[in-house]
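Read through the structure below, which is laid out as structure tokens, and then see the notes.
Please treat every number below as a calculation from the coordinates, not as lab data. Every value quoted in this text rests on a predicted model; they were computed, and no experiment measured them. A quick note on method: Cβ atoms are made from the backbone with ideal geometry, for glycine too, and the neighbour counts reach across all protein chains shown.
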Amino acid sequence: MDENENLTPAHVTWSIGELIPEIADQIQCEVLTQNIHSKRIENIIALKDNNVFLGKRDNSQLCKNFIAVRNKETKAVRWYPVDNFFMKSYQPKKNRNLEIQENEGFKEAAINLNKNMGSKKSKTRINMFEKNVRQFSNIIKPIKKAIKKNNLIVDTEVNLNPTIAVTYLPPCNRNANIVQDIYKIDDLISEEIMQSLEEYACGIMQTDILKIAADSKLSPFFLKGIALYPKNLVNVKLLLFVDNLLKFIKEPARVIKSKTHIFCPYSDAINKKILDEFCIIGVNGIRNRPPSMCDKALCYVLTILLILGDFTVDISILSGIVKTTYYNRLPTLMKALGAQSRRNSAVIFTLKLPLVQLPLSTRKKYSI
């Protein structure tokens, strides 16, 4: 660096030991300045023989430090601000490829050592391992050859089991001629449930949005939905039903097992539907909610959101409402329901005819 450039004095703390005055003049010291994201960063590098020390600025202190320099002739004292640096030994990162080669060499040496000087048990184990490797090599070669010759398709991932698809998906008319006939509200929610929500939904229709937000019975999702979709009596009832299913998915397992817990405080019909269709009673009589039941509840939620949104839904509305594990499954469930994502968006899905095939598996061709 230029000698004329003004530098702030540095107070250095060493991670191990202290600097001996006798060897202070043998240490080469440089200040490395970098500009990262329009921010000036200074580091101190100290060299002694083959040892390298790197010092980073210590910003954890709550106050500034100063040093006083006294002129012996004039007796005047001048104060200078000091930057604190913490010095520690610098160890360069090893090359990953060299490290892998070293490990392979060590494994080979250990195997040879066990062959020559190991116990009978270790020798037997090594012989069995080498035999299995040879057998695997002999088997894999003709398999690769057959795949290449016949251009076979290999199933790499199963996203939705066929039995689960038939059992847990909402009632669907896959032979419908128009989109409106694929999913119908009457097939998803009974008239009894719609009637049980009449009084509570009418109260919401006549209530200010601020009072609705203060209602402890409603979740943040309901507030999103009431602002996103047209506010009419049927839509409010559908959002209330979806709101209860989402709260059911978020309930802890101990709450699900409780026989006295009420899922919906303002509709006995919804409470009964959740118990009958989205819970499983074990052999010991304890109520359970396996992941498959959560998938079923999410399928009902997504189907009703499709109906509310004129058969288009933005699944990001459920971001932060359901757990990340369930949110990541939403695209798969949307495809199972027959919806297709837009080319320019991975979160907006539209129900179109003809319906896409159920995503029973994701198939991928391997070229060898």
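What to note about this one:
- Extension gain for the segment THR312 to ILE262, taken as residue separation times 0.36 nm less the Cα-Cα distance, is 14.8 nm to one decimal.
- Residues whose placed amide H lies under 5 Å from that of TYR90, excluding near-sequence neighbours: VAL52, PHE53, LEU54
- For the range 270-281, 3J(HN,Hα) computed residue by residue from phi via the Karplus equation (6.51, -1.76, 1.60; θ = phi - 60°) reads 5, 4, 5, 5, 5, 5, 7, 10, 10, 10, 10, 8 Hz, glycine and proline entered as x.
- Fewest-first ranking of LEU188, LEU337, LEU330, using other Cβ atoms within 10 Å as the exposure measure: LEU188, LEU330, LEU337
- Segment GLU277-ASN43, length gained on full extension (0.36 nm per residue, minus Cα span): 77.9 nm
- Förster radius 51 Å - calculated FRET efficiency between GLN206 and LEU62 (Cβ-Cβ, nearest 0.05): 0.35
- LEU228 versus ARG254: modelled label distance in nm, points set 7 Å from Cα along the beta carbon direction: 3.3
- Working from Cα pairs under 8 Å separated by at least six residues, relative contact order for the range 280-356 is 26 percent.
- Segment ASN177..ALA24, full-extension length gain: 46.3 nm, with 0.36 nm per residue of separation and the alpha-carbon distance subtracted.
- Estimated inter-spin distance, SER292 and VAL82, nm [label 7 Å along Cα→Cβ]: 7.0
- For the set LYS217/LYS237; LYS184/LYS257; LYS184/LYS237; LYS273/LYS296; LYS250/LYS272; LYS56/LYS88, the pairs lying more than 20 angstrom apart at their alpha carbons are LYS184/LYS257.
- Anisotropy class of the range 162-365 from Cα gyration tensor, a/c 1.5 cut: oblate
- Sorted by Cβ density within 10 Å, fewest first, the residues LEU308, LEU228, LEU197: LEU228, LEU308, LEU197
- Least to most buried among ILE111, ILE182 (fewest other Cβ within 10 Å first): ILE111, ILE182
- Nitroxide proxy distance, nm - points 7 Å out along Cα→Cβ at ALA214 and LYS145: 8.0
- Derived scalar couplings between HN and Hα for the range 217-230 equal 7, 10, 9, x, 4, 4, 5, 4, x, 5, 8, 8, 9, x Hz in order, rounded to whole Hz, by the Karplus curve 6.51 cos²θ - 1.76 cosθ + 1.60 (θ = phi - 60°), x for Gly and Pro.
- Volume per residue that the Cα convex hull of the range 10-89 spans, once the total is divided by residue count, Å³: 146
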